[in-house]
Each structure stands twice: as structure tokens, then as C-alpha cells.
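The values are calculated or read from the model by the stated rules, or taken from the named source; none is laboratory data. Everything numeric here is computed off the predicted structure, so don't read it as measured data. Glycine gets a Cβ as well: all are built from the backbone with ideal geometry, and neighbour counts include every protein chain shown.
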Amino acid sequence: ALAREKPGQLNYASAGVGSFQHLASSLFKLQSGLDIVHIPFKGGGPAMMDVIAGNTQIAIGSLIQTLPHIRSGRLKPLGVGSAKRVAALPDLPTISEAGVPGYEATNWWGIVAPAGTPRPVIERLHRELSVILASAETKKRFETEGGEAAQMSPEEFGRFIASETVKWAKVVKEAGIKPE
């Protein structure tokens, strides 16, 4: 509400131009129609510290980065960027539920191998990683840190990467983001 009352007067922090925080915030701006100003920092830590200090009004960050500050009361969460609520903060709505329909931006990590890696090696790595990701210990650790392990086949992961590339290329173009 405050951002609508004061267009162009509220700032959002990011880990720098082209960072996940910058792209996710740009998507938020595009979908919400809000006029908020980008303040790039040299890393996510300094960006988050500036929000905690009250110098910058908002930031989009990963749960692993923000959860300790949310739990301590130094940050107030407004929504999660995932398509569904997260186990670490079950009462926190998604950004889509909170008023920006269709918004989804999740910070993800994946394991890749060099092109040309023999198929049997890929299959073995996938099997071993699937066992690790399915373990109770790993699931608990992910949940504690605010994450979730998404198990995909190598082919599914390849399609996911391709779809993410298209999605974020569109955001970069529509938001007019230029490399620095």
C-alpha cells in the first residue's frame, strides 16, 4: 500500500545488477505495477543488512538468507516467491496470494556435469543424489534452512533450466536490465 501511495520513493535492495534478487524484484515490479527504485549492492549480505538497518525499504532474498532475520524479528516477511507456501513459514502467504497473481520466483541450485559425460555416469550420480535427497536427515536440514529438495530426472532438470532461461530473459528484456 505504501509503495502505491509513494511511487518512486521506496527502494529495494539487491545483491547487484543481474543477481537473482534483482531479477526477482524486477519481475515483482512488472507484475505488480509498483514504481520502486533499485539499489544494487555488492552482494546479498550488504543488501540485507541495509534493509535490516532501515536504509532500504524492501528486498527479495532467499529463505536461507532471510530466515534467521525473520525468526529474530529483524525482518518482517511479506510473502514467499514460490508457487506454494513453505514449511518453514506455513502461515506466510505466497506473493501471488498476497496480491500479485501469478508471481513466482524461486532461488534454486542444481548439480550439473560437463557436456559429454557418459550416460552411465550421469545415471549413477542421479541415483546416488536421489538417495541423499530422499533421506530424512537431508529433508530435515532443507526444512530447517527454509528450502525444499525437488527431485527431477536429468531430462526434467534440463527442461527446467531451459524454461527458467526463457522466463528470466523475458524479464531482463521487459525491465530493460543492462549489464554493468
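List, please: which pairs have Cβ atoms under 6 Å, are six or more places apart or on different chains, and start with a residue in region 152-169 that is farther than 13 Å from TRP108 by Cβ and end with one that is surrounded by 11 or more Cβ atoms within 10 Å (Cβ to Cβ)? Final answer for the pair search is PRO154/ILE122; PRO154/HIS126. Only one entry of GLY61, GLY54 meets the criterion of being at positive phi, out of contact with any Ser or Thr (no Cβ under 8 Å at 6 or more places or on another chain) and either part of a loop (DSSP other than H, G, I, E, B) or of a type in the set (S, T, N, Q) (or both), and that entry is GLY54. For region 91-100, indicate whether the set of residues that are of a type in the set (Val, Ile, Thr), at pLDDT 95 or above and in contact with a strand residue (DSSP E or B) (Cβ under 8 Å, 6 or more places away or on another chain) is non-empty. Yes; the residues of region 91-100 include at least one that is of a type in the set (Val, Ile, Thr), at pLDDT 95 or above and in contact with a strand residue (DSSP E or B) (Cβ under 8 Å, 6 or more places away or on another chain). On inspection, GLY116 does not qualify as part of a loop (DSSP other than H, G, I, E, B) and either of a type in the set (Lys, Arg) or under 30 Å from LEU30 (Cβ atoms) (or both). Which residue out of ALA59, ALA88 is surrounded by 15 or more Cβ atoms within 10 Å (Cβ to Cβ) and in contact with a Leu (Cβ under 7 Å, 6 or more places away or on another chain)? Among ALA59, ALA88, only ALA88 is surrounded by 15 or more Cβ atoms within 10 Å (Cβ to Cβ) and in contact with a Leu (Cβ under 7 Å, 6 or more places away or on another chain). Taking the criterion of being among the small types (Gly, Ala, Ser) and under 29 Å from ARG141 (Cα atoms), the residues of region 54-83 that qualify are ALA59, GLY61, SER62, SER72, GLY73, GLY79, GLY81, SER82, ALA83. Scanning region 13-37 for residues being among the β-branched types (Val, Ile, Thr) and either assigned to a helix (DSSP H, G or I) or in contact (Cβ under 8 Å) with a residue 60 or more places away in the chain (or both) gives a total of 1. Specify the residue that is surrounded by the most Cβ atoms within 10 Å (Cβ to Cβ); the eligible residues are those in region 33-43 that are more than 17 Å from the chain's Cα centre (by Cα) and not hydrophobic (A, V, I, L, M, F, W, C). Ranking the qualifying residues of region 33-43, first place goes to ASP35. Residues in region 119-165 that are assigned to a helix (DSSP H, G or I), among the charged types (D, E, K, R) and within 29 Å of LEU23 (Cβ to Cβ): LYS139, ARG141, GLU143, GLU145, GLU155, GLU156, ARG159, GLU164.
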